[in-house]
Amino acid sequence: LSQACLQLAITPDSRYLAANLGAAMEIWDLGDPADAPSPRQLSAISFPEGSIQRVLTLSSNGEMCAVGTETGKIHVFSTRTGKELASFTGHPNGPVKGLAFDSQGSLLFSAGNESGVRVWSAKTWSLAAWLSSQPSPGTMSRARMMPVPGAGYGSGFSGTSALPIKLQMTADAKQLIV
């Protein structure tokens, strides 16, 4: 890595690694785990000055890397090309504190200062669901916790002022644990 690392994410097959370097990110192909390690850097992405990453996660197939920032923005990149696939405000009231993809890479879960988890469609990058026992932001309705297929492979580091938030699926893939 080119500098001190704040957080790592790795795919379940141990093939791809993403490193949070604060104002930059590096994505590595570690090679076939059955062979001798032959790591090679796939991409290095710098963020605009003042845009600090808080969390990152990789999709289970290693094709996408999602990054959450101090300002509540979520950026999604192709791991192979480094091209930004999406950029949107995930949490307007503060930092993104946790991110996780489902096992198919079709949903992205995010947590912030709100008491709930937002679920984003990876096809449109629009809000697909709000998982909370509290009212959804901007509405008076309540969403109940629902089974979500797949497993997440990410965690969040919230910095020095709060506790980390970790998102993961249960072994039977029926509950999201925050």
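Shape verdict for the stretch 38-77, please, from the Cα gyration tensor: rounded (a/c under 1.5), prolate (a/b greater than b/c) or oblate.
oblate
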**Prompt:** Once both labels are modelled 7 Å past Cα along the beta-carbon direction, what's the Arg15-Ile52 spacing in nm?
**Reply:** 3.5 nm
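With a 1.4 Å probe and all protein chains left in place, how much of the accessible area of the stretch 66-135 comes from carbon and sulfur atoms, in whole percent?
Details: 1310 of 2600 Å².
So the carbon and sulfur contribution to the accessible surface is 50 percent.
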**Message:** Students often forget the sequence filter, so: which aspartates and glutamates lie under 19 Å Cα-Cα from Lys97 once same-chain residues fewer than 8 apart are removed?
**Reply:** Glu70, Glu114
**Message:** Cβ neighbours within 10 Å, averaged per peptide: list 31-40, 118-127, 103-112, 57-66 in order, most packed at the top.
**Reply:** 57-66, 103-112, 118-127, 31-40
**Item:** Computed FRET value (nearest 0.05) for Ser106 with Ala24, which takes r as the C-beta separation and R₀ as 30 Å
**Value:** 0.60
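The values are calculated or read from the model by the stated rules, or taken from the named source; none is laboratory data. In this text, all values refer to a predicted model and were calculated from it rather than measured experimentally. Virtual Cβ from ideal backbone geometry, glycine too; neighbours counted across all protein chains shown. Surface accessibility is based on the protein's heavy atoms, side chains included, excluding ligands, DNA and RNA. Shrake-Rupley method; radii C 1.70, N 1.55, O 1.52, S 1.80 Å.
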